[in-house]
Structures are given as C-alpha cells and as structure tokens.
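Working notes, structure below.
The values are calculated or read from the model by the stated rules, or taken from the named source; none is laboratory data. Note that this is a predicted model, so its numbers are computed, not measured. Cβ: placed from backbone, ideal geometry, glycine included. Neighbour counts: every protein chain shown. These area figures cover heavy atoms from the full protein model, side chains too; ligands, DNA and RNA do not enter into them. Shrake-Rupley method; radii C 1.70, N 1.55, O 1.52, S 1.80 Å.
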Amino acid sequence: MRDGIVQVYNQNAATNKVYAQIKGYWASDRTNADGKYLIIGNEGKEFIVTDGQGVYKTGQQIITSKVTTEVGETATTEIRNLTFNDESPIAQLEELQNSYPDADIYLNGELVIDFPEDVNIPIESKQMVTASLVGSRVKFNYCGLDRAIALLREQYAVGTVEIKLIKIETLE
C-alpha cells in the first residue's frame, strides 16, 4: 500500500501540491494526529509533512495507521542551491522570501558559521529536528525559511544549501 502512495507523490509533486490525509497519533504523547498535511518530501517509504505550523516525519513524530494522498492545487517544485563564501546569508534568503512570498521554502544542507555560540535552536515538541548545531556547522533538514533566517542572523556563513521551493501557479 505504501508504495502506491509514494508513487502518487512522485508522479505529481513536480506539478501539484500533494497532501497526505493521515490517521494516526503523535509518537511523543500518543494524542490524535489525524489531519491533512502537505507532503514536502519523502525518505524511503516515509513522508516529510507540514501542517503549516511544524515539520514532521511519518514513522517518527507521527505514527500512522492509515495514509491516503490527495493531489492538490497546481504548483511547481524547484530545487536551487545557494552558496555562501564567508558572507551574511540573510540578504540572499530574504530576497528569496520577498520574491516568493506565498511559496513554501525549505533548506537542506549545512553551513559553517562564525559564531555558533550565538545560535539558540529551541526544541519544539512533536516536531522533527529541522536545524541542529554540530561544532561550528548548522545542519538543515527541511528547515523552513523563516526559521533559517532567524537562526542565521548576524552570522557569516560558508557552504552551500539546497533550497526546495514549492509555489502555487497563478494565472497571470
């Protein structure tokens, strides 16, 4: 069953938003996690999903008893790379935010930063870890753009991150 759901996602994710209708519970406290989530990625047979408030992985944060997929509005998914060479990443990230105000934008990858002691990554209950600090490296895993900007303020960064941009197509 799971293979078919992954196949629906893979066939449609480039041209549409794809949603998961999930029946299940939160792994942390066993409360109900039923709902409709936007699928933003998949790892093996599990999905990375969001409800607009947080990012979750099925099989980890959400234990599923049933998952169905639904193809939503027409959208394009773009993958871009942003490279920083000992410069502030904020200008490029804010430019992306301003260029695509209605898009869902996530960062993957890692950057070496100058002042890791200034980065405070709060632990968010029920959510997947989307940003972590290892030495002087900030690692991103489906980290939302707003959160990445907040974490990288007043930092200089070296490295490349992958940007996943999911934007609804509008008729001009």
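Which of the strands (runs of 3 or more DSSP E) contained wholly in segment 1-116 include at least 3 residues that are touching a residue at least 40 places away in the same chain (Cβ under 8 Å), of a type outside the set (Asp, Glu) and farther than 30 Å from Gly135 by Cβ? Steps first, answer last, please.
Numbers: elements: 16-26, 35-43, 46-50, 55-57, 62-87, 104-113.
Ranges flagged: 16-26, 62-87.
Among the candidates Ile90, Ile113, Ile163, single out the residue that is within 28 Å of Tyr37 (Cα to Cα), among the β-branched types (Val, Ile, Thr) and outside the structural domain of Ile5 (by the TED database).
Ile163
For segment 117-150, which residues satisfy the criterion of being among the acidic types (Asp, Glu) and assigned to a strand (DSSP E or B)?
Taking segment 117-150 first, the residues among the acidic types (Asp, Glu) are 117-118, 124, 146.
Those that are among the acidic types (Asp, Glu) and assigned to a strand (DSSP E or B): none in segment 117-150.
From (1) free of Cβ contacts under 8 Å to residues at least 60 places away in the same chain; (2) more than 23 Å from Ile40 (Cα to Cα), pick out the condition that doesn't hold for Val158.
Val158 satisfies all of (1) free of Cβ contacts under 8 Å to residues at least 60 places away in the same chain; (2) more than 23 Å from Ile40 (Cα to Cα) except (1).
Tell me which of these Ser88 doesn't satisfy, since it passes every other one: (1) surrounded by 13 or more Cβ atoms within 10 Å (Cβ to Cβ); (2) touching a strand residue (DSSP E or B) at 6+ places or on another chain (Cβ under 7 Å).
The single condition Ser88 does not satisfy is (2).
Considering only residues that are of a type in the set (Val, Ile, Thr) and either open to solvent by 40 Å² or more (accessible area, probe 1.4 Å) or outside the structural domain of Ala13 (by the TED database) (or both), which ones fall in segment 51-63?
In the first step, residues of segment 51-63 are kept if they are of a type in the set (Val, Ile, Thr); the result is 55, 58, 62-63.
Correct list: Ile63 only.
Taking Ile168 and the conditions (1) aliphatic (A, V, I, L, M); (2) under 18 Å from Ile40 (Cβ atoms); (3) open to solvent by less than 70 Å² (accessible area, probe 1.4 Å), which numbered condition does it fall short on, given that it satisfies the others?
Single failed check for Ile168: (3).
Got a number for residues in segment 125-135 being exposed (fewer than 14 other Cβ atoms within 10 Å of the Cβ) and either over 22 Å from Ser28 (Cα atoms) or of a type outside the set (Gly, Ala, Ser) (or both)?
Summing the residues that are exposed (fewer than 14 other Cβ atoms within 10 Å of the Cβ) and either over 22 Å from Ser28 (Cα atoms) or of a type outside the set (Gly, Ala, Ser) (or both) in segment 125-135 gives 2.
From the residues in segment 19-52 that are among the hydrophobic types (A, V, I, L, M, F, W, C) and within 14 Å of the chain's Cα centre (by Cα), which one is nearest to Ile163 (Cα to Cα)? Talk me through it step by step, then tell me what you get.
Of all residues in segment 19-52, those among the hydrophobic types (A, V, I, L, M, F, W, C) come to 20, 22, 26-27, 33, 38-40, 47-49.
With within 14 Å of the chain's Cα centre (by Cα) added as a condition, the list becomes 38-40, 47-49.
On the way: Leu38: 17, Ile39: 16, Ile40: 12, Phe47: 18, Ile48: 15, Val49: 16 Å.
Top of the filtered list is Ile40.
Is it fair to say Ile5 is at pLDDT 95 or above and of a type outside the set (Phe, Trp, Tyr)?
On the way: at pLDDT 95 or above: no; of a type outside the set (Phe, Trp, Tyr): yes.
Against the criterion (at pLDDT 95 or above and of a type outside the set (Phe, Trp, Tyr)), Ile5 does not qualify.
Looking only at segment 9-40, filter to residues that are surrounded by fewer than 17 Cβ atoms within 10 Å (Cβ to Cβ) and touching an Asp or Glu at 6+ places or on another chain (Cβ under 9 Å); which one of those is nearest to Tyr106 (Cα to Cα)? First the steps, then the outcome.
So in segment 9-40, the residues surrounded by fewer than 17 Cβ atoms within 10 Å (Cβ to Cβ) come out as 10-11, 14-15, 21, 23, 25-32, 34-36.
Within this subset, residues satisfying the condition of being touching an Asp or Glu at 6+ places or on another chain (Cβ under 9 Å) are 15, 21, 23, 25, 35-36.
Working: Thr15: 17, Gln21: 21, Lys23: 25, Tyr25: 25, Gly35: 21, Lys36: 19 Å.
Looking at residues that are surrounded by fewer than 17 Cβ atoms within 10 Å (Cβ to Cβ) and touching an Asp or Glu at 6+ places or on another chain (Cβ under 9 Å), I get Thr15.
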